[in-house]
Every structure is written in C-alpha cells, then in structure tokens.
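Worksheet for the structure shown next.
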Amino acid sequence: MNQQALKQQVAAKALEYIEEGIVLGVGSGSTVLCFIEALARSGMQFKQIAAASESSAAALKAAGYYVSDLNACDPIDVYIDGADEVDPNKCLIKGGGAALTREKIVAACAKQFICIVDVSKMVPVLGKFPLPVEVIPMARSYVARELVKLGGEPRWREGVVTDNGNWILDVHYLDIREPAVLEQKINNIAGVVTNGIFAKEKAHIVLTSQADGKIAVFD
Ligand code: 5RP
C-alpha cells in the first residue's frame, strides 16, 4: 500500500469513532483532508464543526459543511487530527503544516482527541522531525537564540505565514526525551506563540495504518 492509501484507510477508520449530532473538531494536513473526504462520502451531519486551519475550513465548506467559529461552539466532543510524530505515550510533534497553534487550541477544547497517522509517524522518541515553533515575527531572532541555548538548531521556514499572521522556526536536533518539560520550557520564551510538542494536549487514542493494511489502535 502506498502512503496515500494508508492515509485514506486510517481516515476512514476514524469515522467509527464519531457519531452524528456531536460537536466535531477537525485538524489539518493531508491525512485530515482524507478524513474530510470520507466524512463527505458518509453524509454524516453534526451539531457543530470547528476547524483548526483555514485550509481545513475551506475543504469542509467545499464538502457542504457549515464551519462554526470556535468561540460559538459548545465543548468539542471529538477532535480528529494527524501528526508528524507520535511517541509510545501518545505525545506528538505537530505543525508540519504550520497550523500547530490552532490545532493545540482545538485539541484543548476537546473531550477526546483521536490522532490518525500512518505507521511512518510512529517513533520511540520525538525529535527526528524538526520541532515547529510559531513565533511573533519581531521575536524571531531572539527566540532562535534561546532555542540554541536549549540545544536546538532553529531554521526559519521562510515565506510561510501562519493563519495567525506569525512565522515558524523549525528546530532540529532537540533532545525531546521529556516532552512535557520541553513543551513548557519553549512556551515560556517571550515571543513564542506555541510549539509543536503536544504533551499536555496529547492524543487519547492513536489510530495507525500499518503496511499490511491493518489499523492498530493505541488507547
Ligand atoms: C499540521 C499538522 C499535521 O497534522 C501534520 O503535519 C501531519 O500532516 P499530514 O497528515 O499531511 O502528514 O500538524 O500543522
């Protein structure tokens, strides 16, 4: 199975974890786009849907769904999103698509976060994927210097502006053996909006599509 087929398969599986009439949170990325396609095919209807990025909101609208402002939403029952890396404790790295801040907000609002990935995203320790950090533009250099002090090698994702009007630093070579500690440490740097470690807002359930076509469930 190629990677796109694995994404479609795990996205379709996620439909089994939601039901009509709930308040649904939808993340972003290519796996989530497969989920939105599966959602549209299913014809399921929801009380409210909140989206974690402008691109997902556009895809949901194109599929015929009304997307609510998060401030107008009831608490989210289930949040479905992908990830760039998943560790054995269901801590994640997210933000490959630069949507980490809104994704973390929607995850924080959700009673249940179901992460959908293919097997290539499963890692013993987070950190091979460079950690995205969203920064206020005027703080980019300062934050980069602070990240170097933490042992990282930050690289500016030039040309990318987040949905919130900010910039992204991708930080290589960080030691992320204690995700919750590093998540907080980086968030404490002035000028950081948030970083892509999801330890506080880790997944409740991870669905992983395997190379043999089966779905593994980690709960
Ligand atoms: C976007 C994200 C995505 O969930 C992550 O990048 C995974 O994307 P994909 O499903 O395309 O591999 O965090 O900010």
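For the stretch 131-197, relative contact order (Cα pairs under 8 Å, six or more residues apart, normalised by length) works out to 46 percent. With the chain treated as a Gaussian network of Cα nodes joined by springs under 10 Å, which of Gln112, Gln184, Gln48 yields the largest mean-square fluctuation? Maximum among the listed residues: Gln184. Here r is the Cβ-Cβ distance between Val161 and Tyr66 and R0 is 41 Å; the resulting FRET efficiency, rounded to 0.05, is 0.95.
Every Cα-Cα pair of the stretch 114-169 was included, and the share exceeding 14 Å stands at 62 percent.
Only Lys, Arg, Asp and Glu carry charge here, each on its Cβ (+1 for the first two, -1 for the last two); on that basis the chain has a dipole of about 300 debye about its Cα centre. Across the stretch 1-123, the volume of the C-alpha convex hull divided among the residues equals 97 Å³ per residue.
Rounding to the nearest 20 debye, state how big the charge dipole of the stretch 27-113 is about its Cα centre with +1 on each Lys and Arg Cβ and -1 on each Asp and Glu Cβ.
Roughly 160 debye for the stretch 27-113.
A dipole drawn for the chain from +1 and -1 charges on Cβ atoms has a positive end, and of Ala83, Leu15, Met44 the residue lying farthest that way is Ala83. Net charge dipole, the stretch 131-197: roughly 180 debye, given to the nearest 20, about the Cα centre with Cβ charges of +1 for Lys and Arg and -1 for Asp and Glu.
Take the alpha carbon atoms of the stretch 22-70, find their center, do the same for the stretch 71-118, and report the distance between the two centers in whole angstrom. Rounded to whole Å, the Cα centres lie 14 Å apart.
Averaging 1/r over every pair of different alpha carbons in the stretch 122-219 and inverting the result gives a Kirkwood radius of 14.6 Å.
The aspartates and glutamates within cross-link reach of Lys121, meaning a Cα-to-Cα straight distance under 18 Å and a gap of 8 or more places when in the same chain, are Asp81, Asp84, Glu85, Asp87, Glu103, Asp170, Asp175, Glu201, Asp212, Asp219. For the chain, the share of alpha carbon pairs falling in successive 10 Å distance bins from zero is 9, 35, 35, 18, 3, 0 percent.
Values in this text are rule-based calculations from the coordinates and carry no lab data. Not measured: the values here are computed from a predicted model. Positions of Cβ are generated from backbone atoms using ideal geometry, with glycine treated the same way; all protein chains shown enter the neighbour counts.
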